[in-house]
Amino acid sequence: KSKGTSASMLVCVQVDKQQQSKDSVYFRDGMRRIDFVLSYIDDKDGEKKQDRRKEFEANLKKAGLELETEDKSESEDGRTYFLKIHVPWEVLATYADVLKIKVPFKTNDITDKKDMPMSWLCTPYRLPEHVMQPEPDYFTATFDKSKTDFFLIEDKETFFPPSTRNRIVYYILSRCPYSKEDKDKKGIKRLLNNGTYAAAFPLHDSRYWTRSRDAKCESERYALYKYWARFSRFYKEQPLNLIRKYYGEKIGIYFAWLGFYTEMLTYAAVVGLLCFIYGVASFDENVWSKEICNKTIGGQIVMCPLCDKKCGYWMLSTTCSSSWQSYLFDNTATVFFAIFMGIWVTLFLEFWKRRQARLEYEWDLVDMEEEQQQLQLRPEYETKCTHRRLNRVTQEMEPYLPLTSKCARSVLSGATVLFWISLIIASIIGVIAYRLAVFAAFASIMKDSPTNKLDVVGSLITPQLATSVTASCINFVIIMILNFLYERVAIKITDMEVPKTHVEYENKLTVKMFLFQFVNYYSSCFYVAFFKGKFVGYPGDYAYMFGKWRNEECEPGGCLIELTTQLVIVMVGKQVWGNIQEALVPWLCNWWVSRSARNHPESLYSRWEQDHDLQSFSQLGLFYEYLEMVIQFGFITLFVASFPLAPLLALMNNILEVRVDAWKFTTQFRRPVAAKVHNIGAWNEILNMIAVFSVVTNAFIVSFTSDMIPRLVYKYAYHQGNESTMEGYINNSLSVFNISKFQPENRPDDGENPDWFYSSNITTCRYRDYRYPPGHEKQYTHTMQFWHILAAKLAFIIIMEHVVFVVKFFVAWLIPDVPSDVKARIKRERYLIQEYLHNYELEKLKIQLSQNGPNIEQCTCPATAATPVKMEVFSDCLS
């Protein structure tokens with residue numbers, strides 16, 4: 001009997017669901033739109049959860065929301081209930097007034113500027129007008145419920161877009177109490193955390209690969225996928241207004257920033273590519289590499305061992321290939337590119353301010369009540385703070401954290417961050433120790449390696465390269481592991497600090513994460529750029545790390561090529577890993593969750609069930625997107641003097657990144673709750689900090705990591721003959737050491753030296769430094785040329801920094817932050833609001849006077865008679 005009943009019920013369910021479109025975003029009546037969905041599983045022992053849900057849903061109804069429940073028997077898995085929420089006009093109008101939402105009151109009458117000349121060249125990159133401008137351009141004003149006839153309301157059901165509707169619902173859900181005994185227990189976040197509800201999300205308006213069958217549905221998700229999220233559209237502009245309309249301003253500004261950053265990278269990539277081409281084209285001018293490769297010069301110079309015991313003497317000519325490679329990135333174009341990038345960074349930040357100002361106006365963010373948002377306490381703050389005090393602004397009692405508790409939490413948080421940063425530094429020291437320890441092993445193993453006999457790559461596979469590549473790979477793995485662990489630690493300690501508002505929470509987490517990531521990703525590059533080869537001593541008096549491992553030396557070609565290797569491995573490795581993580585992981589998770597649903601008929605797999613099976617977009621989802629891009633920004637600015645092709649790699653990655661993120665948002669994630677923000681937040685300050693710091697790092701790279709300054713000093717002060725040439729530079733840059741003065745612990749073991757060493761009478765070896773030769777009265781002390789070069793390096797740093805900073809500040813002063821036409825539009829809109837409101841009130845007063853006739857005293861102004869509405873008391877809002 002029970003089997004027959006359940007079978008008949010299933011038939012009824014199928015009929016009901018088939019009558020309603022699979023992509024329906026409406027209640028069963030087909031009239032009321034579903035603005036939000038809550039899901040839950042009814043546990044057998046979940047009486048407390050049932051009570052919470054009952055009270056919560058009762059309070060939602062008191063707040064004016066309309067609810068409809070889908071029974072678990074109608075769900076795909078037979079276990080999940082779905083609670084659908086609709087916001088009627090009265091509630092929308094009330095909370096639009098509370099949240100100061102801007103709505104249109106007049107069509108924009110300021111004509112756009114004429115098209116730029118040659119604009120037809122951009123036609124292939126353009127999207128259709130209905131996609132770029134999904135809504136007409138209006139002047140807007142803050143919504144006022146008492147003046148609804150002032151605004152351009154044609155249809156109350158469609159006046160507020162779905163993104164605004166779901167934002168209003170989430171505002172109510174976040175503040176609705178769920179306990180009769182304790183009114184402080186409130187908010188959907190806490191109900192999600194304690195398992196009362198499984199998920200809470202607004203609905204996508206259609207499937208992404210096809211339009212909705214419902215004519216009333218906008219199918220904006222389909223439009224976004226068709227014109228934006230497909231990889232074949234990589235060369236097209238982004239439909240920012242449609243993104244903003246569908247996802248809200250917060251996500252819209254992220255994609256606007258990412259698109260603008262990618263656009264600006266094009267110029268840096270072109271200049272960097274030209275600098276690289278210059279290096280290739282001027283190959284023949286590389287005199288010092290020719291000398292290294294020359295058998296009568298480099299082939300006759302015997303170099304001192306690069307490590308103790310296991311390394312033998314070697315010929316300078318063995319570094320021929322690496323010397324040519326180094327020249328590609330270490331030439332006069334390097335200096336130009338370093339200066340150019342210092343100015344490019346300023347132009348990028350200044351032009352972004354202008355783009356941001358335009359978006360703020362177009363998206364109604366100019367007069368956004370940010371203070372009001374900041375005063376909205378986090379539910380976690382209200383829960384954990386048991387102390388109360390009077391708020392001077394609202395004159396109401398509010399929770400607060402005592403100063404002693406706040407200080408203790410901040411100190412513990414700071415100590416935790418320092419501990420993890422110390423862990424990174426310790427791991428970097430470990431990698432350095434690995435480099436020092438294995439270099440001798442690689443030198444011994446590769447001495448008779450079969451790879452040396454390979455025609456093309458045999459000369460490239462050296463102990464230095466093997467050490468550098470393996471160390472870089474190990475460093476990359478350590479970075480990823482520490483990054484994975486620290487993310488969770490950072491969130492925990494930020495939660496422990498109990499920030500008061502969402503803005504404060506995000507700012508605290510941003511600073512912690514970026515500080516850690518800065519040290520994590522950049523420390524190995526800083527080591528190669530500024531420490532390797534700088535503190536090695538000289539033969540007979542080498543410097544040792546921990547008194548055990550001899551410090552590394554740079555090759556005769558310099559450490560720049562190794563910095564380039566390090567940069568490419570970490571930067572490219574991170575980007576590839578990031579894209580795999582971003583695209584593959586959500587796709588696999590969604591594939592696994594929806595594997596059984598794919599076999600059902602379309603009519604049985606409803607819109608809310610489809611969205612429920614997608615990945616949830618966390619509140620910190622955008623934070624990680626920004627973090628990834630800002631870390632990349634650091635790579636292409638802080639160390640760009642060592643690798644001019646870095647902007648090109650970043651550009652190629654970002655073209656893919658835009659579409660990967662778009663595809664991910666459109667197809668793999670539930671629709672996020674819309675949120676308003678002014679700008680990109682704390683990231684602005686971080687970008688400015690990196691921009692200033694990059695000028696210093698690039699000046700030091702050109703001076704101390706590159707061989708540019710020593711070569712210029714030789715060319716103009718120490719050259720041989722009457723003409724300023726680079727002939728003889730290699731011989732001049734290498735000092736001489738008497739082999740007989742080697743200490744026993746430094747001298748190579750028997751059998752480590754090559755055969756040619758024993759067949760000739762060699763008494764001296766060369767090393768990279770500027771010291772007096774043996775026999776001189778100042779033997780092994782620095783020569784005057786060393787001090788001249790040092791002075792030239794310091795002078796270059798000072799001159800380059802001053803030139804770049806002066807240009808940066810001049811450019812920043814020259815370019816106004818807000819475009820003149822945007823200023824005019826803002827003034828025009830404010831003027832119109834005042835004029836229209838004045839006329840509106842005047843007309844209203846005339847109507848009242850004409851209706852009342854001589855009884856003027858009966859006229860009352862509704863605006864003054866109205867009682868102020870408390871924002872978080874839902875039942876009072878509609879009373």
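The values are calculated or read from the model by the stated rules, or taken from the named source; none is laboratory data. Keep in mind the model is a prediction, meaning the values are calculated, not measured. Heads up, the Cβs are rebuilt from the backbone with ideal geometry, glycines too, and the neighbour counts pull from every protein chain shown. Surface accessibility is based on the protein's heavy atoms, side chains included, excluding ligands, DNA and RNA. Shrake-Rupley method; radii C 1.70, N 1.55, O 1.52, S 1.80 Å.
Restricting attention to the stretch 692-727, the residues being assigned to a loop (DSSP other than H, G, I, E, B) and either under 13 Å from Val640 (Cβ atoms) or without any contact (Cβ under 8 Å) to a residue 24 or more places away in the chain (or both) number 7.
For (1) buried (at least 21 other Cβ atoms within 10 Å of the Cβ); (2) over 18 Å from Pro128 (Cβ atoms); (3) under 22 Å from the mean Cα position of the chain (by Cα), each residue gets a yes or a no:
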{"position": "Ser212", "(1), (2), (3)": "yes, yes, no"}
{"position": "Ala215", "(1), (2), (3)": "no, yes, no"}
{"position": "Arg221", "(1), (2), (3)": "yes, no, no"}
{"position": "Lys226", "(1), (2), (3)": "no, no, no"}
{"position": "Phe231", "(1), (2), (3)": "no, yes, yes"}
{"position": "Pro239", "(1), (2), (3)": "yes, no, yes"}
{"position": "Ile253", "(1), (2), (3)": "yes, yes, yes"}
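Name the pairs whose Cβ atoms lie under 7 Å apart, with the first residue in the stretch 222-246 and under 17 Å from Leu258 (Cβ atoms), the second in a loop (DSSP other than H, G, I, E, B) and among the aromatic types (Phe, Trp, Tyr), and 6 or more positions between them or separate chains? From the stretch 222-246, the pairs are Arg244/Trp363.
If you check Glu628 against the conditions, is it open to solvent by 10 Å² or more (accessible area, probe 1.4 Å), of a type in the set (Asp, Glu), modelled with pLDDT under 95 and not in a helix (DSSP H, G or I)?
Working: open to solvent by 10 Å² or more (accessible area, probe 1.4 Å): yes; of a type in the set (Asp, Glu): yes; modelled with pLDDT under 95: yes; not in a helix (DSSP H, G or I): no.
Taking the combined requirement at face value, the residue does not satisfy it.
The number of residues in the stretch 461-499 being open to solvent by 60 Å² or more (accessible area, probe 1.4 Å) and in contact (Cβ under 8 Å) with a residue 40 or more places away in the chain comes to 3.
Of the residues making up the stretch 371-407, those that are surrounded by fewer than 13 Cβ atoms within 10 Å (Cβ to Cβ), at pLDDT 80 or above and in a helix (DSSP H, G or I) are Leu403, Thr404, Cys407. Filtering the stretch 794-805 for residues that are modelled with pLDDT under 90, open to solvent by 90 Å² or more (accessible area, probe 1.4 Å) and assigned to a helix (DSSP H, G or I) leaves an empty set. The residues in the stretch 713-743 that are within 18 Å of Thr763 (Cβ to Cβ) and either open to solvent by 50 Å² or more (accessible area, probe 1.4 Å) or not assigned by the TED database to the domain that holds Lys310 (or both) can be counted, and the count is 4. A count restricted to the stretch 39-96 and to residues that are of a type in the set (A, V, I, L, M, F, W, C), under 19 Å from Ile188 (Cβ atoms) and crowded, with 20+ Cβ neighbours inside 10 Å stands at 10.
Scanning the stretch 484-511 for residues that are over 21 Å from Leu401 (Cα atoms) and either touching a Ser or Thr at 6+ places or on another chain (Cβ under 6 Å) or not hydrophobic (A, V, I, L, M, F, W, C) (or both) returns Tyr486, Glu487, Arg488, Thr510. Taken over the stretch 513-545, the criterion of being open to solvent by 40 Å² or more (accessible area, probe 1.4 Å), over 38 Å from the mean Cα position of the chain (by Cα) and free of Cβ contacts under 8 Å to residues at least 12 places away in the same chain is satisfied by Tyr544 alone.
Those helices (runs of 4 or more DSSP H) of the stretch 221-301 in which 3 or more residues are out of contact with any strand residue (DSSP E or B) (no Cβ under 8 Å at 6 or more places or on another chain) and over 29 Å from Pro162 (Cβ atoms) occupy 249-281, 287-293. Close contacts from the stretch 272-297, counting a first residue that is more than 20 Å from Leu651 (Cβ to Cβ) and a second that is acidic (Asp, Glu) and open to solvent by less than 40 Å² (accessible area, probe 1.4 Å), with Cβ to Cβ under 9 Å and a gap of 6+ residues or different chains, come to Trp288/Asp707; Ile297/Glu291.
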